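Accompanying notes for the structure given below.
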Amino acid sequence: MNKHIAIDLGASNGRVLVGDLTEFEVVHRFVTHNDQILGSFYWNLQSLFSEIKVGLKKAFSQYGDQIRSIGIDTWGVDYVLTDETGSLVSLCYHYRDGRTDGLISVVSEKLGGKMRIYERTGIAFQPFNTLYQLAAMQRDRGAALASARHYLSVPDLLAYWLTGVMKNERSHASTTQLYDPRTGDWAWDLIDDMQFDRRLFGPIVDSGTILGSLTGEVAHEVGADGSALVIASAAHDTASAVAAVPASRDETPLYISSGTWSLLGVELPAPRTDRSAMESGFTNEVAASSQIRFLKNIMGMWIQQECVRHWEREENREISWKDLDAETLLCQTYQGYIDPSDVRFLKPNSYDNLMVDRINVWCDEHALKRPSSKGEYMVAIYRGLAKAYAKAIKDLEGVLNLHFTSLYIIGGGCKNEILDQWTAQETGLTVYAGPVEATALGNLVVQAWACKELKDLQEGRDLIRSRQKVKVFQP
């Protein structure tokens with residue numbers, strides 16, 4: 001039976017999986033390292049590429065000529081620039097780096113206001129959008145930008161290093177705030193008004209496009225016979241995850257892709273770029289199907305993760321998630337909560353600005369009792385997330401004039417059964433939690449579709465619904 005390799009890179013960890021829609025296994029798991037260098041945050045892409053090759057070597061060692069294709073998905077917005085030879089002209093900045101602070105207003109004024117930008121791109125205004133990252137580079141590192149000839153997203157670059165083929169995959173390009181979802185091309189007028197070099201932005205290809213074979217060098221290193229194809233899967237991890245929502249053909253499923261971020265939304269046949277959509281904070285990104293993922297970015301498990309990382313460093317021990325959940329349930333009577341959308345929660349811990357301290361200050365500002373234990377911090381985070389989900393769903397129903405009765409929570413965050421139940425209670429919706437490995441499964445769906453093993457993406461969703469575990473939570 002044919003197998004596919006899904007390389008799934010999240011903001012905290014990466015996995016190389018092998019399999020199909022009936023069964024798969026993780027053959028390699030690793031941390032997606034980032035480094036602070038002279039005050040700036042960067043992704044260590046060379047390290048990630050080395051880990052990917054370790055995973056590929058394990059996969060080909062075990063499954064050899066059964067492997068038909070390889071696909072990569074990662075988080076959105078981050079990118080590299082290369083010169084005309086394909087060499088990097090800069091390290092890859094982390095989207096949480098602070099160099100873009102304040103640039104939304106500067107760029108909006110330069111481009112004629114937020115409404116013009118939103119009408120052209122449909123992307124909500126976040127300080128980490130590629131548009132503002134490039135604007136920061138233009139301001140601070142103009143010589144490096146001037147020497148660049150190619151823009152590549154992180155998954156575009158990794159695919160280039162595997163194949164020698166440079167392409168911009170559509171679902172990822174749509175996160176940049178430099179893509180026009182109506183024309184399906186770059187937003188050239190915004191690019192020109194920003195005085196970015198048009199030559200940077202190359203051909204955009206659909207999810208499921210076959211890029212080519214591994215280079216001879218990579219094939220030799222990982223033990224591949226050269227027959228496996230590298231496919232531009234749904235390269236944005238949320239697009240891959242949404243492709244795996246276990247909904248039936250006649251549904252318009254409401255979903256949350258839950259992980260470091262919580263991405264809440266629906267799929268639409270066309271973008272919504274009117275003022276009500278903009279003011280509600282919704283974004284229009286491209287799905288694997290080329291439909292529109294109309295969704296809202298909500299800070300997710302990142303806040304929880306940063307608290308745990310701080311406690312583990314402080315106590316010099318690994319914290320058990322099982323023990324933390326038990327303590328959280330014991331603290332349910334604590335009434336504090338946070339607003340996870342507050343921008344103060346975006347940045348990583350630093351020695352003088354810890355996540356737990358930001359939670360304390362938020363509670364002080366809102367006349368709420370500070371958390372006094374790890375469990376109470378978790379209650380504040382989970383209750384805040386459930387409230388944020390409920391508000392976003394209400395806003396979405398208002399913008400679309402729809403009413404939802406159920407919610408699919410997919411991805412690693414769906415394992416948090418406390419949050420699943422509290423979300424059901426806060427929203428009044430039936431919650432279907434699973435599959436956990438939605439992003440990798442969606443990646444596999446797109447590859448199987450590209451290889452003509454599925455007649456369409458919905459057939460992949462049908463298989464996932466029948467084969468994967470989904471747990472139900474009632475209000």
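We did not get these values from a lab; they are worked out from the coordinates using the rules stated. Just so it is clear, the model here is predicted, and its values are computed rather than measured. Cβ: placed from backbone, ideal geometry, glycine included. Neighbour counts: every protein chain shown.
Structure notes:
- Contact order, relative form, for the range 56-205: 28 percent (alpha carbon pairs under 8 Å, 6 or more residues apart, mean separation divided by residue count).
- Antiparallel beta bridges, as assigned by DSSP with both residues in the range 3-232, represent about 75 percent of the total such bridges.
- Proximal lysines relative to Lys471, as straight alpha-carbon distance under 23 Å, when same-chain residues fewer than 8 apart are discounted: Lys322, Lys387, Lys415
- Whole-Hz couplings from phi, Karplus 6.51/-1.76/1.60, listed for the range 100-116; x for Gly and Pro: 8, 4, x, 7, 4, 5, 5, 5, 4, 5, 5, 9, x, x, 4, 5, 4
- Estimated FRET transfer efficiency when R0 is 35 angstrom, pair Arg198-Val54 (beta carbons, to 0.05): 0.40
- Percentage relative contact order, the chain, counting C-alpha pairs under 8 Å, at least six apart: 16
- Efficiency of FRET between Asp225 and Lys455 - r from beta-carbon atoms, R0 22 angstrom, step 0.05: 0.20
- Per-residue 3J(HN,Hα) values for the range 130-138, derived from phi via the Karplus relation 6.51 cos²θ - 1.76 cosθ + 1.60 with θ = phi - 60°, read 4, 3, 6, 5, 5, 5, 5, 5, 4 Hz in sequence order (x marks Gly and Pro).
- The range 3-232 shape via C-alpha gyration tensor axes, a/c threshold 1.5: prolate
- Separation of alpha-carbon centers, the range 350-415 and the range 265-343, rounded to whole Å: 7
- Each residue in Lys296, Lys387, Lys471, Lys452 was given a count of other beta-carbon atoms within 10 angstrom of its own, and listing them fewest first yields Lys452, Lys471, Lys387, Lys296.
- Label-point gap, in nm, between Arg309 and Asp83 - each point 7 angstrom along Cα→Cβ: 3.3
- Spin-label model distance (nm) - Leu402 vs Thr22, 7 Å beyond Cα toward Cβ: 3.3
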